[in-house]
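S.K.: Have a look at this one.
Please treat every number below as a calculation from the coordinates, not as lab data. If you're wondering where the values come from, they're calculated on a predicted model, not measured in any experiment. Glycine gets a Cβ as well: all are built from the backbone with ideal geometry, and neighbour counts include every protein chain shown.
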Amino acid sequence: MNLVDSHCHLDASQFEDDREDVIRRARDAGVRKMLSIGTGNGPPDLEVAIRLADKYDFVYATAGIHPEHAPNVKDAEYKKLADVIQHPRCVAVGEIGIDYHWEPFDAELQASVFIEQMRIAASARKPICIHTRDAWPDTIRLLQQHWAPTGLPCVMHCFTGGPEEARQALDLGFFLSFAGVLTYSSAKALQQAAKEVPLDRILIETDSPYLAPAPYRGKRNEPSYVMYTAQKLAELRGEPLETVALATTRNFESIFVDQLH
């Protein structure tokens, strides 16, 4: 079985004591590639994922400024981000976006940081990985205005919307990435969306160490658990697991890996 975890935080402190074992278990479970997200603890360190990608040839990296870190951004960070994403193992800018979950938040500031990072990514011809939480209308509006015209790939990381939100993203040419939330019995609208999205627009991820799938809900997540999302996706769609695994791997490679060759 060939699987890809298209969004994980391998640098997270939750993996500090057993990171090598976590990566080994993922490989043993058939996870052939992992995309380590480089937001870390925010600026000024934008290279947390690149250091891991340099160490493991099956790990790829992103770099970006998470919306929760928007208040910490200075102009120098944008210049650094533009430089960092030129690294040969850095395949995307992310995760970036809008998050209105925790109050107080500065919507105008988040939007400006998001827009500037989209500009940097477009200049480098890099895909983007999107974080949106309690902010779908503003996120999709900004993407429509500032990203869709580039024609470059966009992945809606840890997609949790229903069929209508899925349609909005698909109409803009974007990809949807499903995480362990798909396995939760309460995620009915999300599960319906997963049935309807074309297979060539789907990725799977763990978002580990967060959001463990149903068998481990509430515990630490890790890349090997991406299998549970793949299995649920196959079950919902009535398709063989191998078909889902091959398609999501192919989609990942078309977005992130083919640009390296």
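S.K.: Net charge around K80, counting only other residues with Cβ within less than 13 Å of its Cβ (Lys, Arg = +1; Asp, Glu = -1)?
M.R.: Local charge sum for K80: -4.
S.K.: Further question on the same structure: Sorted by packing (mean other beta-carbon atoms within 10 Å per residue), highest first, where do 175-183, 25-33 land?
M.R.: Final packing ranking: 175-183, 25-33.
S.K.: Determine ³J(HN,Hα), in whole Hz, for all residues of region 97-106 in sequence, where each value follows from phi through the Karplus function 6.51 cos²θ - 1.76 cosθ + 1.60 and θ = phi - 60°; x replaces Gly and Pro.
M.R.: x, 9, 9, 10, 6, 9, 9, x, 9, 10
S.K.: Here's another thing I want to ask about it. Can you grab the distance from the C-alpha centre of region 183-236 to the C-alpha centre of region 26-43, Å, no decimals?
M.R.: Centre-to-centre distance over Cα atoms comes out at 16 Å.
S.K.: Using the beta-carbon distance between K55 and M1 and R0 = 22 Å, what value does 1/(1 + (r/R0)^6) give for FRET efficiency, to the nearest 0.05?
M.R.: Step by step, r from the Cβ atoms, then E = 0.35.
S.K.: Can you tell me the order of 86-93, 237-244 when each peptide is scored by its average per-residue count of other Cβ atoms within 10 angstrom, highest first?
M.R.: Averaged packing, sorted descending, gives the order 86-93, 237-244.
S.K.: Here is a further query. All other residues with a Cβ under 13 Å from the Cβ of T243 taken together, and with Lys, Arg as +1 and Asp, Glu as -1, what is their net charge?
M.R.: Net local charge, T243 excluded: -2.
S.K.: How do the peptides 146-157, 214-225 rank, highest first, by the average count of neighbouring beta carbon atoms within 10 Å per residue?
M.R.: Top of the packing list down: 146-157, 214-225.
S.K.: At 7 Å along the Cα-to-beta-carbon direction for both Y216 and L172, put a label point, then send me their distance in nm to one decimal.
M.R.: 3.1
S.K.: Further question: Go through region 108-114 residue by residue and turn each phi into a ³J(HN,Hα) via Karplus (6.51, -1.76, 1.60, θ = phi - 60°); whole Hz please, and just put x for glycine and proline.
M.R.: My calculation for region 108-114 gives 5, 5, 4, 4, 5, 5, 4 Hz in order.
S.K.: Take the alpha-carbon positions of region 143-209, form their convex hull, and give its projected area averaged over all directions (one quarter of the hull surface) in nm².
M.R.: 4.7
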